[in-house]
Amino acid sequence: MQLRYNYRAYPDAAQCDALTRAFGCARVVWNDCLRDRREAHAAGLPYVKSADLSRLRITQAKGTEERAWLADVSAVVLQQSLRDLDTAYRNFFDSLSGKRRGRKVGPPRYKSKKDARQSIRLTTNAFRVQADGAVYVAKVGDLKVKWSRPLPAAPTSLTVTKDSCGRYFLSFVVDTEPDILPELEVDTGIDLGLTAFAVLSDGRRLDSPRFLRRAEKKLKRLGRELSRKVKGSKNRAKARIKVARQHDKVANRRRDFHHKASTQIIRDSQAVYVEDLAVSALGRTRLAKSVYDAGWSRFVGMLEYKAVKHGRTFAKVDRAFPSSQVCSACGYRDGAKPLHVREWMCGACGTVHDRDHNAARNVLFEGRRIVAAGRAETQNACGASVRRAHVPAQRNEAGSPRKGQPTQAGFPGL
């Protein structure tokens with residue numbers, strides 16, 4: 001399986017200029033190739049092949065006066081930008097034809113130098129992890145890196161990213177073997193919510209940290225300060241960075257909470273079942289800020305790839321399953337209940353249920369049934385079969401085979 005390891009990089013002034021040129025050249029190649037394909041489509045011409053674009057917009061463009069500066073960066077950066085465009089088009093076409101499941105993917109769009117995130121991607125013949133801990137990037141130099149943890153294997157791909165705060169990160173894609181944990185006899189069903197972030201079928205509750213709500217007062221103050229600055233001034237640029245850093249702190253705290261909670265659940269359970277929530281639909285309601293502050297989608301995604309990594313079972317129960325309407329003790333369906341009802345008594349057996357705990361137990365039972373039946377479908381509130389969405393593996397990135405310039409795993413220099 002492929003995993004991604006991120007590290008903070010600290011380039012000097014000259015290296016920052018070189019990376020800025022690399023970001024700009026990759027962006028220009030993307031926009032030129034995208035423009036050619038859009039114009040060909042508008043004129044009714046066939047789809048322009050990648051080989052023709054590579055020859056016209058990279059090889060021949062370097063010999064022209066208008067694009068001569070493309071030769072100042074590594075050719076791998078330009079080729080990977082074209083490959084990324086091909087991937088974007090492939091995802092768009094597969095989404096239209098139905099080959100790609102999930103939400104519809106739109107066509108590629110032009111990139112801007114004002115985008116909050118700038119990045120380039122390189123294969124193994126354009127970067128190398130040095131013995132002293134530095135990472136050599138072609139036509140940039142040796143980047144100083146803060147190694148927070150060792151690489152488990154030699155990387156196959158590198159993405160250099162500059163975020164909205166002006167910080168630089170190196171993202172390595174590594175092929176690793178699954179780290180199978182000892183088998184357990186415990187299964188867990190999870191009910192996600194807002195008052196409590198997650199309620200587990202064994203009764204444990206994870207309180208919602210509400211990171212955005214806690215930082216909202218400071219964010220409002222920084223936003224007011226930013227709005228008073230003159231556009232285009234240096235003070236406005238400084239104020240914008242302050243706002244971006246505060247938002248980044250909120251995102252980092254939320255990500256850290258998700259990682260710790262998902263890791264603990266995966267380590268304590270042999271199988272994990274969770275309800276497939278319509279987060280995008282809930283994001284259009286009055287609860288939108290609280291929903292996005294919780295970050296359910298990222299948390300469920302972490303559970304998915306960590307289950308694959310550690311040899312656990314993971315399944316989603318369809319969102320139409322009436323987990324809050326069924327008694328987990330006798331199975332009697334007691335009807336829909338408004339959200340303000342947090343406790344209720346079963347009309348058949350008289351059991352008093354906590355709403356969230358009862359839903360988590362029902363998710364556990366339905367998840368077991370799905371896995372035992374060997375099919376990815378469940379029953380909705382009307383009793384009809386609903387096919388679950390395909391569970392993807394951890395996101396990956398096409399890398400290059402480990403040949404050419406050598407790289408190493410672990411902590412460089414140790």
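Read the figures in this text as sums done on the coordinates, not as results from a lab. Remember, predicted model here, so these are calculated numbers, not experimental data.
Principal-axis analysis of the Cα atoms of the chain puts helix 296-309 at an angle of about 80° to the longest axis.
Computed over the range 83-204, the percent of Cα pairs more than 18 Å apart is 72.
The angle between the Cα long axis of helix 211-227 and the longest principal axis of the Cα atoms of the chain comes to about 40 degrees, rounded to the nearest 10.
Between Val274, Val341, Val105, the residue with the greatest mean-square fluctuation in the GNM of the chain (Cα pairs under 10 Å linked by springs) is Val341. Please work out the C-alpha center-to-center distance from the range 168-215 to the range 76-94 and express it in whole Å. Here the two parts' Cα centres lie 32 Å apart. Here the Karplus relation 6.51 cos²θ - 1.76 cosθ + 1.60, evaluated at θ = phi - 60°, turns the backbone of the range 171-185 into coupling constants of 10, 9, 9, 10, 8, 10, 8, x, 9, 6, 8, x, 5, 10, 10 Hz, with x for every Gly and Pro. Nearest 10 degrees is fine. How inclined is helix 234-268 to the longest principal axis of the chain, computing both from alpha carbons? Taking the Cα atoms of the chain, the angle to 234-268 is about 50 degrees.
Calculate for the chain the 222 nm mean residue ellipticity that helices alone would give, adding -39,500 (n - 2.57) per DSSP H run of length 4 or more and normalising by residue count, nearest 500 deg cm²/dmol. Please report the intermediate quantities before stating the final value.
Numbers: 9 runs with 154 residues, N = 414.
Helices in the chain give a 222 nm mean residue ellipticity of -12500 deg cm²/dmol.
Backbone geometry of the range 285-295 corresponds, through the Karplus equation with coefficients 6.51, -1.76 and 1.60 at θ = phi - 60°, to 3J(HN,Hα) couplings of 9, 6, 8, 4, 5, 5, 5, 6, 5, 5, x Hz, x marking Gly and Pro. The Cα trace of the range 201-327 gives Rg and Dmax of 18.8, 62 Å, the first to one decimal, the second as a whole number.
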